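The values are calculated or read from the model by the stated rules, or taken from the named source; none is laboratory data. Fair warning: this is a prediction, and the values are worked out from it, not measured in the lab. Note that we place each Cβ from the backbone using ideal geometry, even for glycine, and neighbour counts take in every protein chain shown. Note: areas computed on protein heavy atoms with side chains; ligands, DNA, RNA excluded. Shrake-Rupley method; radii C 1.70, N 1.55, O 1.52, S 1.80 Å.
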Amino acid sequence: MIAVIDYKAGNLTSVVKALRYLLGEERTAREVVVTQSPEVVRGADRIVLPGVGHFQATQLLENLGLDEAVRESIAKGAWFLGICVGLQWLFEGSTEADGTKGLGAFAGMCEHFPVLYMDVELKSPHVGWNSLEQIRPDSRLLRGVADGSFVYFTHSWRAPVVNATAAVTNYGGAFSAAVERENVMGVQFHPEKSADVGLRVLRNFLEL
Amino acid sequence: MLTKRIIACLDVRGGRVVKGVQFVDIVDAGDPAELARRHAAAGADEVVLLDITATHEGRGTLLETVRRAAAKLFVPFTVGGGVRTADDAAAVFNAGADKVSINSAAIARPQLIGEIGANFGAQAVIVAIDARRGAKLPEDAEVYVSGGREPTGLRVVEWAREAESRGAGEILLTSMDTDGMRDGFDCELTAAVSQAVQIPVIASGGAGSAAHFAEVFGRGKADAALAASIFHFGATSSRELKVQLALAGVSVRLPC
């Protein structure tokens, strides 16, 4: 069963729609559960945390006890995919919402894009199609995705490059476009909006 | 590298895609869901559906059309026309849109920009500006509403700045002077707006050739450009357009 966590993130509908497209109506009805329940999350073998919007929204995860449920499920080996703010939540936190803690699976804080980069004004948010670079050859999430493939981003905060970074994207310097350590994965881009490349990433996750 | 976006626009009236010349003379161009898919397959970076008569006829957006178009569309999808309240926006998002474009309603009540953003994020709110300047300077271009029917007395650059400060995620700037003429974008106006704000600016109105897109990305400093008729009637596809742009040195996403 795939638990898609509902914490009122804007792209929930689109993520479920993409899963439905890949699985077919019948398997979707059987296997995909949109939920706010820690119990459902504990019973899932795959967990998707969508997200677009403010990091503050992830506070609801702690309030509902979903952070603990996710932590336990990950420890038991459930596959986890965080999308956009969902990836950022895997880090320690974000300067976007000071009091709100992330899961802390990866070290570091998410920070706003710089206003100036190499003395040139940098527009923010980073909106549009940018390329995935330095894709780690052993990444299971990005299997079959070629270096330089374009995916769709929309965000103003970004996660640092860490050991678990599976691909970087350059905009005002390099940031983590994808992270992956064993069963814990995240993408800063929107696979549900990244045409064939994005569908490939989601299919990889479903086939783990 | 962040690429320049090519956005295919579907102007919809009565459930059909239409295309006007300077906002009036209308020609039928097909089924929105079918055309949306075709554009995405042909390499459009985004698809925008504008219900062009919604505001002035005073009815809601065609949610069913949105639902059908969104069902198999895996690129960003924006819907505009008839979104007057945060509830209208919520209905459009629930039908499958990723962003809404608001125009007249944002002028009437600028708080609407922040209200939609509070629930769905700033990235989901595009403020569309219809501009006319005739022979005047870009700084003196005026904002029009109700599908280009009514002047507001607002200056385009100032309104763009206010929209940004109220939490707009992007500006969709349409030049009514160049719209439908296929004679090139208003690069001066686009550059004036793009330099006045931090958020991305989508240029619209006047696309007729690949050279026009290269100009608006260069001289016009646009982050994205939108076109309708250049695609609908098979004059060119996003793929052909992008190959030509790449050859002209513009950074674009070339579809595989």
Here are some pairs, A:K101/B:K4; B:K99/B:K221; A:K193/B:K242; which of them have Cα atoms lying more than 24 Å apart in this structure? A:K101/B:K4
For the range B:5-247, place one equal point scatterer on every Cα, skip the solvent, and apply the Debye formula. What is log10 of I(q)/I(0) at q = 0.16, 0.18 Å⁻¹? -1.13, -1.49
Using a 10 Å cut-off on Cβ atoms, rank the peptides A:96-107, B:127-138, B:200-211 from the highest mean neighbour count down. B:200-211, B:127-138, A:96-107
With point charges of +1 on the Cβ of Lys and Arg and -1 on the Cβ of Asp and Glu, referenced to the Cα centre of the protein assembly as shown, which listed residue (A:G53, A:A3, B:A131) lies farthest in the positive direction of the dipole? A:A3
The protein assembly as shown: Cα Rg divided by the 2.2 N^0.38 Å rule of thumb: 0.94
In the range A:47-160, carbon and sulfur make up what percent of the accessible area (probe 1.4 Å)? 54 percent
Just tell me which aspartates and glutamates come within less than 17 Å, Cα to Cα, of A:K76; anything on the same chain fewer than 8 places away is out. A:E39, A:D45, A:D67, A:E68, A:E180, A:E182
Nearest-0.05 FRET efficiency for A:E68 and B:L254, computed from C-beta distance (R0 45 Å): 0.50
Rounded to a whole %, the carbon-and-sulfur portion of the accessible area of the range B:5-247 at a 1.4 Å probe is 50 percent
For the pair A and B, the solvent-accessible area buried on both sides (1.4 Å probe; DNA, RNA and ligands excluded), in Å² to the nearest hundred, is 2400 Å²
Along the charge dipole of chain B, pointing to its positive end and built from +1/-1 on Cβ of Lys, Arg, Asp and Glu, which listed residue (B:T85, B:H39, B:G15) has its Cα farthest out? B:H39
Quick one: accessible area per residue over chain A, 1.4 Å probe, rounded to a whole number of Å²? 39 Å²
Once R0 is set to 51 Å, what does the formula 1/(1 + (r/R0)^6) return for the Cβ-Cβ distance between A:R42 and B:K136, expressed as a FRET efficiency to the nearest 0.05? 0.20
Can you work out the FRET efficiency for the pair A:R136 and B:R16, with r the C-beta to C-beta distance and R0 = 60 Å, to the nearest 0.05? 0.80
What is chain B's relative contact order, in percent, from Cα pairs under 8 angstrom and six or more apart in sequence? 18 percent
With just the Cα atoms defining each centre, how far is the range B:131-206 from the range A:100-126? Give it in Å. 30 Å
Note every residue of the range A:107-139 with a reduction of at least 20 square angstrom in accessible area, all protein chains present versus the isolated chain, computed with a 1.4 Å probe, or write none. A:E121, A:K123, A:S124, A:P125, A:V127, A:W129, A:N130
Rounded if a/c is under 1.5, else prolate if a/b beats b/c, else oblate: with a ≥ b ≥ c from the C-alpha gyration tensor eigenvalues square-rooted, which is the range A:71-208? oblate
